[in-house]
Amino acid sequence: MSFIDEFQSNLEALPNTLQRKYSLLHDLDKSLQEIQRQNEQRCEQEIDDMKRGIKSGNITPNCSLLKFSDDALDEQKHAIRIADEKVALASQAYDLVDSHIQQLDQYLKKIDEDQRRERENVAATGSASTAPDHIMKAGKAGESSNRGRKKTRLATATVATPTANTTSMELDLPVDPNEPTYCFCNQVSYGEMVACDNPDCKIEWFHYGCVGLKEQPKGKWYCSDCAGKRKRKKGR
């Protein structure tokens with residue numbers, strides 16, 4: 001069984017496992033609330049009895065009888081034990097989810113390394129691809145220094161493609177802090193993207209909507225920064 005098959009199999013069982021833990025947490029919480037309610041009533045009653053004893057003179061303020069009963073103390077200890085069980089269950093649920101996230105991170109890292117080696121092999125052999133030069137599907141781009149300069153590179157899509165008439169995008173997405181960002185908007189890759197043909201471009205990849213594109217440009221394409229630099233060089 002491959003890593004992805006094993007991960008998917010474990011992931012399918014995760015919701016049911018978490019549901020069982022959350023159900024147990026709910027039951028423990030109900031029990032804790034009931035014990036706390038009973039203990040509050042018992043303690044209030046015992047405090048009232050102490051006050052009446054002091055008023056009647058049967059109990060002095062410094063008397064050793066001014067303390068809660070063993071039943072009240074036992075209830076409080078029981079409540080603490082239930083609270084500890086709730087904390088332990090919550091930690092188990094967190095660790096379970098975290099382990100799946102770590103497995104996925106390892107798998108994505110392995111994919112990135114495989115893609116990097118593939119690009120290096122292609123560059124070493126001088127192979128040239130005939131696929132379209134400028135299209136890159138949304139996803140996690142390579143984190144090497146050239147960030148996937150090959151125009152034929154396709155990454156796995158992670159979010160829906162924006163509509164064609166979008167001119168700028170401000171995304172509010174939960175992003176991995178290690179996820180590389182691109183474009184003038186400084187966001188992660190999504191939808192269709194175009195690569196600047198200037199090999200020294202600092203940004204390199206741009207979202208169609210952010211640069212006013214609706215379809216793949218024909219021939220070479222330069223971002224506005226690089227296009228301006230080229231014009232200034234020609235004007236000298």
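The values are calculated or read from the model by the stated rules, or taken from the named source; none is laboratory data. All of these numbers come straight from a predicted model, not from anything done at the bench. Glycine also receives a Cβ, built like all others from the backbone with ideal geometry; neighbour counts cover every protein chain displayed. Accessible surface areas use protein heavy atoms only, side chains included; no ligands, DNA or RNA. Shrake-Rupley method; radii C 1.70, N 1.55, O 1.52, S 1.80 Å.
Among (1) in contact (Cβ under 8 Å) with a residue 24 or more places away in the chain; (2) closer than 30 Å to ILE111 by Cβ; (3) loosely packed, with under 14 Cβ neighbours inside 10 Å, which single condition is ALA13 missing?
(1)
Please verify whether ASP176 is under 28 Å from GLU118 (Cβ atoms) and at pLDDT below 85, treating the condition exactly as stated.
Answer is yes for this residue.
Pairs needed: first member in segment 26-51, over 18 Å from LEU73 (Cβ atoms); second member anywhere, of a type outside the set (A, V, I, L, M, F, W, C); C-beta distance under 7 Å; at least 6 residues apart or different chains.
LEU28/GLU85; LEU28/LYS86; ASP29/LYS86
Inside segment 114-126, can you point out the residues that are exposed (fewer than 12 other Cβ atoms within 10 Å of the Cβ) and within 18 Å of PRO180 (Cβ to Cβ)?
Matches in segment 114-126: ASP114 only.
Write out, first by first residue and then by second, each pair whose Cβ atoms fall under 7 Å of each other, whose residues are 6+ apart or on separate chains, and whose first residue, in segment 73-92, is more than 17 Å from ASP27 (Cβ to Cβ) while the second is among the aliphatic types (A, V, I, L, M) and at pLDDT 90 or above.
Matching pairs, first to second residue: GLU75/ILE35.
Report every pair of residues separated by at least 6 positions or lying on different chains whose Cβ atoms are under 8 Å apart, first residue within segment 99-116 and without any contact (Cβ under 8 Å) to a residue 12 or more places away in the chain, second open to solvent by less than 50 Å² (accessible area, probe 1.4 Å).
Going by the 8 Å Cβ cut-off, there are no qualifying pairs.
Are there any pairs with C-beta distances below 9 angstrom linking a residue in segment 213-236 that is more than 13 Å from PHE184 (Cβ to Cβ) and open to solvent by less than 80 Å² (accessible area, probe 1.4 Å) to a residue that is of a type in the set (Val, Ile, Thr) and part of a helix (DSSP H, G or I), with the two at least 6 apart or on different chains, and if so which?
Final answer for the pair search is TRP221/VAL211.
Please work out which one of (1) open to solvent by 100 Å² or more (accessible area, probe 1.4 Å); (2) at pLDDT below 90; (3) not charged (D, E, K, R) is the condition PHE7 fails and give its number.
The number of the failed condition is (1).
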